[in-house]
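Trainee: One structure coming up, written as C-alpha cells, with questions to follow.
The values are calculated or read from the model by the stated rules, or taken from the named source; none is laboratory data. These figures come from a predicted structure and were not determined experimentally. A quick note on method: Cβ atoms are made from the backbone with ideal geometry, for glycine too, and the neighbour counts reach across all protein chains shown. Side chains are part of the model used for accessible areas, which takes the heavy atoms of the whole protein and leaves out ligands, DNA and RNA. Shrake-Rupley method; radii C 1.70, N 1.55, O 1.52, S 1.80 Å.
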Amino acid sequence: MAQIIDGKMISTMIKDECKERVAAYKEQGKEICLAVIQVGNDPASSVYVNNKKKACAYIGIESLSYELEEETTQDELLKLIEELNGRKDVNGILVQLPVPGHIDENAIIRAIDPKKDVDGFHPQSVGALCIGQPGFVSCTPAGIIELLKRSNVDICGKNCVVIGRSNIVGKPMALLMLRENATVTVAHSKTQDLREICKRADILIVAIGKPKFIDASYVKEGAVVIDVGIHRNENNKLCGDVDFESVSKVASAITPVPGGVGPMTIAMLMKNCVDSVLLQ
Ligand code: NAP
C-alpha cells in the first residue's frame, strides 16, 4: 500500500509558517492585505472566496472583499483593478475565476499589476517562471512542489509525466518540475500511447479533468502519483482524476482526494500574499 501524501497536514504547516512571518512583519509595522474580487454569485466561486478569506484571517492578514453584481461591465471591473493597483495598502489582488461570459478573462488577468498578481496568472509572472526569474507562481502547481519536497520525494533526475497542459495547472507544473531538474514529458488529449508514456514516469502528475481516468495499468510499480482532479461522483462524494483504489496498490506514494492537492492551493495563495512583501 502506498504512502498517503497528507495535503491537509502539509497545508496547515505552510499556513502556520505564513502566520509566523505575518506576525514578524507586524512587529516591523508592516501589514499585508489581499483584495478578493468576485463577479456574480456562482455558488462554487462563493465557497472558494470564503475559504480564501478564512485563510487570510487564520494567518493574520487583512482581506478586502468586493462582491460585484453579475451585470458588472468589463470597464467597471478594470477600473476597480486599476484603483487597487494604485493602493499602497493593498499587496495582492485576486479576481475569482471564471468571470461572467461578457468579460474577457485575459484582459482582467493582464490588468492586474504583476507585483500584486498573487494567483500567478499574469503573462509576466508566467514568463518569469519560464526563464527562472522571481515572480508569483500559480498556486496549485507550486503546492504540488511543496507536497513532493515535504514528503521527501526526490525530483532531481527523475522521469516526470504531467498529464494536462492548461495554463493554470499543466504548463506551470511542467516548468516547475523542469526547474527542479526532473526530465519532463507533458501529455495531452492528442498524445499517442498515453499508457506507455505514463508507465515510464517515476512521478506522475494527473490534471486531466476526468474522474478516475488513470488506473493501475498506467502506473509503474513504485511511482509517486499526484492527483490534481476534483469531481463529485453520483453519490456526491469527492473523487480525483486517479482511481485511488487500484493505483494506491502499485504506487509508492499518492495524494488522496480530498485532502491531497486541494488544500495546498489556498496555502500557497497565502504564501504568495506573504511573499508579495519581498517582491514589492
Ligand atoms: P483543463 O483546463 O480541462 O485541462 C485538462 C487537460 O487534460 C488538457 O490539457 C487536455 O488536453 C488534457 N486531457 C483531456 N483529456 C485527455 C486525455 N484523454 N488524455 C490526455 N490528456 C487529456 O483542466 P485544468 O484546469 O488543468 O484542471 C484539471 C483538473 O484539476 C480538473 O479536475 C480540475 O477540477 C482540477 N483542479 C484542481 C485544483 C485544486 O486546487 N486541486 C486546481 C485547479 C484544477 P488538451 O489541452 O489537448 O485539451
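Trainee: With each run of n ≥ 4 DSSP H residues scored as -39500 (n - 2.57), what mean residue ellipticity at 222 nm is computed for the chain after dividing by its residue count and rounding to the nearest 500 deg cm²/dmol?
Mentor: That comes out to -12500 deg cm²/dmol.
Trainee: How many nm separate the modelled label positions at L178 and L97, each set 7 Å beyond the Cα in the direction of the Cβ?
Mentor: The answer from the label model is 1.9 nm.
Trainee: For the chain, what proportion of DSSP beta bridges, expressed in % and rounded to the nearest 5, is antiparallel?
Mentor: Percentage antiparallel, nearest 5: 5.
Trainee: Which ³J(HN,Hα) values, rounded to whole Hz and listed in residue order, are derived for segment 69-85 from phi using the Karplus coefficients 6.51, -1.76 and 1.60 in 6.51 cos²θ - 1.76 cosθ + 1.60 with θ = phi - 60°, glycine and proline given as x?
Mentor: Rounded to whole hertz, the list is 5, 3, 7, 3, 7, 4, 4, 5, 5, 4, 5, 5, 4, 4, 5, 5, 4.
Trainee: With N set to the residue count of segment 139-262, report its C-alpha Rg divided by 2.2 N^0.38 Å to two decimal places.
Mentor: Dividing the Cα Rg of segment 139-262 by 2.2 N^0.38 Å gives 0.95.
Trainee: Something else now. Name the residue, out of V225, V90, V126, whose mean-square fluctuation peaks in a Gaussian network model built on the chain with Cα pairs under 10 Å.
Mentor: Of V225, V90, V126, the Gaussian network model singles out V90 as fluctuating most.
Trainee: In terms of modelled amide H atoms, which long-range or inter-chain residues lie less than 5 Å from the amide H of T183?
Mentor: G157, K158, N159, C160
Trainee: For the ranges 19-32, 143-156, 239-252, 266-279, what's the packing order if you count other beta-carbon atoms within 10 Å of each residue, average per peptide, and put the highest first?
Mentor: Top to bottom by mean Cβ count within 10 Å: 266-279, 239-252, 143-156, 19-32.
Trainee: Sticking with this one: Hey, can you grab everything whose amide H is under 5 Å from the amide H of Q3? Only 5+ residues off in sequence or another chain; H modelled, so Pro and N-termini drop out.
Mentor: So Q3 has HN proximity to A253, I254.
Trainee: Of S45, Y58, N85, whose Cα points farthest to the positive end of the dipole of segment 1-127 (charges on the beta-carbon: +1 Lys, Arg; -1 Asp, Glu; origin at the Cα centre)?
Mentor: Y58
Trainee: OK, next. Which angle from 0 to 90°, rounded to the nearest 10, does the C-alpha axis of helix 139-150 make with the longest principal axis of the chain?
Mentor: 50
Trainee: Among the listed pairs K26/K52; K26/K88; K171/K237; K220/K249; K116/K171, which are separated by more than 18 Å between their Cα atoms?
Mentor: Table pairs above 18 Å Cα-Cα are K26/K52; K171/K237; K116/K171.
Trainee: Pull up all non-local amide H partners of G40: gap of 5 or more, or a different chain, and H-to-H distance under 5 Å with H placed in the peptide plane.
Mentor: For G40, whose amide H was placed from the backbone, the distant partners under 5 Å are L68, E69, E70.
Trainee: Still on this model: Per residue, how much accessible area does the chain show when a 1.4 Å probe rolls over the protein heavy atoms, in square angstrom?
Mentor: 49
Trainee: Which percent of the accessible area of segment 30-116 is formed by carbon and sulfur heavy atoms (probe 1.4 angstrom)?
Mentor: In segment 30-116, the share of accessible area belonging to carbon and sulfur is 49 percent.
Trainee: Separate question: At Y25 and E82, where each label point lies 7 Å from the Cα along Cα→Cβ, what is the point-to-point distance in nanometres?
Mentor: Placing both labels 7 Å beyond Cα along the Cβ direction yields 2.7 nm.
Trainee: While we're on this one: For Cα pairs less than 8 Å apart in space and 6+ apart in sequence, what is the mean separation divided by the residue count of segment 139-262, i.e. the relative contact order in percent?
Mentor: Contact order relative to length: 22 percent.
Trainee: Also, I was wondering about something else. Evaluated at 4 °C with a viscosity of 1.567 mPa s, what Stokes-Einstein diffusion coefficient in µm²/s does the chain have when Rh comes from the Kirkwood expression over alpha-carbon pairs?
Mentor: Approximately 67 µm²/s, per Stokes-Einstein.
Trainee: Below 8 Å, C-alpha to C-alpha, sequence gap of six or more: please give me the relative contact order for the chain in percent.
Mentor: Values: 554 pairs, mean separation 63.4, N = 280.
Reported as a whole number, the value is 23 percent.
Trainee: Also: How large is ³J(HN,Hα), in whole Hz, for each residue of segment 33-38 in order, when computed from phi with the Karplus curve 6.51 cos²θ - 1.76 cosθ + 1.60 and θ = phi - 60°, using x for Gly and Pro?
Mentor: After applying 6.51 cos²θ - 1.76 cosθ + 1.60, I find 9, 10, 9, 10, 10, 10 Hz.
Trainee: Give me the Kirkwood hydrodynamic radius of segment 30-116 in Å, from all C-alpha pairs, to one decimal place?
Mentor: 13.2
Trainee: I need the phi-derived Karplus couplings for segment 131-138: 6.51 cos²θ - 1.76 cosθ + 1.60, θ = phi - 60°, integer Hz, Gly and Pro marked x.
Mentor: 9, x, 9, x, x, 6, 10, 3
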